[in-house]
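Please read the structure below before turning to the comments.
The values are calculated or read from the model by the stated rules, or taken from the named source; none is laboratory data. This is a predicted model, so every value here is computed, not measured. Glycine also receives a Cβ, built like all others from the backbone with ideal geometry; neighbour counts cover every protein chain displayed. The accessibility values were calculated without ligands, DNA or RNA, using every heavy atom of the protein model including side chains. Shrake-Rupley method; radii C 1.70, N 1.55, O 1.52, S 1.80 Å.
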Amino acid sequence: MSRHADTAPHSSGRTAVHQGTDAEDARTAVTVFVALGANLVIALAKVAGGLFAGSPALLSEAAHSVADSLNELFLLASLKRSTRAPDSRHPFGYGKERYFWSLLAAVGIFVMGGCFSFFQGIEALRSHHSETRTGYLVGLAVLAVALLAEGSSLVRALVQVHGRARRAGRSMREEVRAADDPALRTVLAEDSTACFGVLVAMAGVGLHLVTGEVRWEAWASMIIGALLVFVAFQLARESRGQIIGEAADPKLRRAIRAFLDRQPEIDTVTTLLTMRLGTRSTLVAARTDLVGGLDSEEVEEVLVRLKSAIRQQWPIADQVFLDVTEASPGDRERARRERRQLDETVTADGVRPEKERRRPEDGE
């Protein structure tokens, strides 16, 4: 026989987490605007260089930079639309809008970046086109401007990642892997790839100038295309997982489970389910078997207290649902197995697990 007691999922902790995320969103918006400005500068430089040197390749690359600018507009749209308040049609809010627009940006990188670069490389091999010396020098100058612009945008993104890592007590590598903000992750991936791509392009143009062989420039373009396709695939895979419904960070799941396990009124946490609803919100649903001897009023008081404590300690976990049910031997075995798997996941991520209260049913 199951007993259910759910209270309203909103909490006082929501204000605190919103203040923190609003500040972080503002920093991310600045990073995206810097990337947008860099792409527009690059596009103007390519247009000017292409018109001066009569280079169709540079003019085509200008269109590529305009497409990159469109991706930044997608990311800005995601920052704005994902903060809308919940309503009757979307009671859990619009946080996943950020993942949707990031997915569109990844598609843009694939189609307008990767595929376009492959096309340019194949066309260069077929045409055997050779620029004048002035054209080569203009092309290298434009690429140098592109490197400076993309580099400035990349530095801005790295500074924000470093700040986030410092506030979270994580290394830069751990912060990048955590990938909490898809907009920041997209800008970081796009700018780092662009900087590497500019260096490859400069090498290809330089070898073309020295040897007179267009194949160097063509292969450079195709290498850039392959890199962009790979980056777009990785970004799209991340966004796809988050749109479908991805569990919360293993450290958060383990901490909440450890908290529930320590409560004297809880005999067993049979199931703990989580799902990220956006960068501001996480759903937590747990099935618990309480100790015997509690009447209905005590059960409700325990559930209200636990929900309030979870929301206060982890404000990101603003949607909390607890289900009281009777645990079977199979449920207890599954709970032990899930705890071990979660411990292994956290340890594999290089995080020392917190010391948990040993439970009699663990048998260890």
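Some observations on this one:
- Among the residues of the range 271-293, the one identified as β-branched (V, I, T), over 17 Å from R336 (Cα atoms) and surrounded by fewer than 21 Cβ atoms within 10 Å (Cβ to Cβ) is V291.
- A226 falls short on exactly one of the conditions (1) without any contact (Cβ under 8 Å) to a residue 40 or more places away in the chain; (2) within 19 Å of G108 (Cβ to Cβ), and that condition is (1).
- Close contacts from the range 112-125, counting a first residue that is closer than 21 Å to N39 by Cα and open to solvent by less than 70 Å² (accessible area, probe 1.4 Å) and a second that is part of a helix (DSSP H, G or I) and among the polar types (S, T, N, Q), with Cβ to Cβ under 6 Å and a gap of 6+ residues or different chains, come to S117/S221; Q120/S221.
- Checking each residue in the range 314-331 for being of a type in the set (D, E) and farther than 20 Å from G93 by Cα picks out D323, E326, D331.
- Extreme residue, nearest to the chain's Cα centre (by Cα), among residues of the range 157-198 that are among the β-branched types (V, I, T) and farther than 24 Å from G241 by Cα: V159
- Test result for H162, open to solvent by 60 Å² or more (accessible area, probe 1.4 Å) and part of a loop (DSSP other than H, G, I, E, B): no
- Filtering the range 294-329 to residues that are open to solvent by 50 Å² or more (accessible area, probe 1.4 Å), part of a helix (DSSP H, G or I) and over 15 Å from Q263 (Cα atoms) leaves S296, E297, Q312, P329.
- Residues (modelled with pLDDT under 85, buried (at least 18 other Cβ atoms within 10 Å of the Cβ) and in a loop (DSSP other than H, G, I, E, B)) located in the range 212-270: V214
- Pairs are defined by a Cβ separation below 8 Å, a sequence spacing of at least 6 or placement on different chains, a first member in the range 68-93 that is on the phi > 0 side of the Ramachandran plot, and a second member that is open to solvent by less than 30 Å² (accessible area, probe 1.4 Å); the pairs so defined are G93/L277; G93/G278; G93/S281.
- Close pairs from the range 190-202: first of a type in the set (F, W, Y), partner surrounded by fewer than 24 Cβ atoms within 10 Å (Cβ to Cβ), Cβ under 9 Å, at least 6 apart: F196/L227
- Selected residue (criterion: farthest from A43 (Cα to Cα)) from residues of the range 70-100 that are part of a loop (DSSP other than H, G, I, E, B), open to solvent by less than 50 Å² (accessible area, probe 1.4 Å) and not aromatic (F, W, Y): G93
- Within the span defined as the range 51-67, one or more residues are under 20 Å from L228 (Cβ atoms), modelled with pLDDT under 85 and β-branched (V, I, T).
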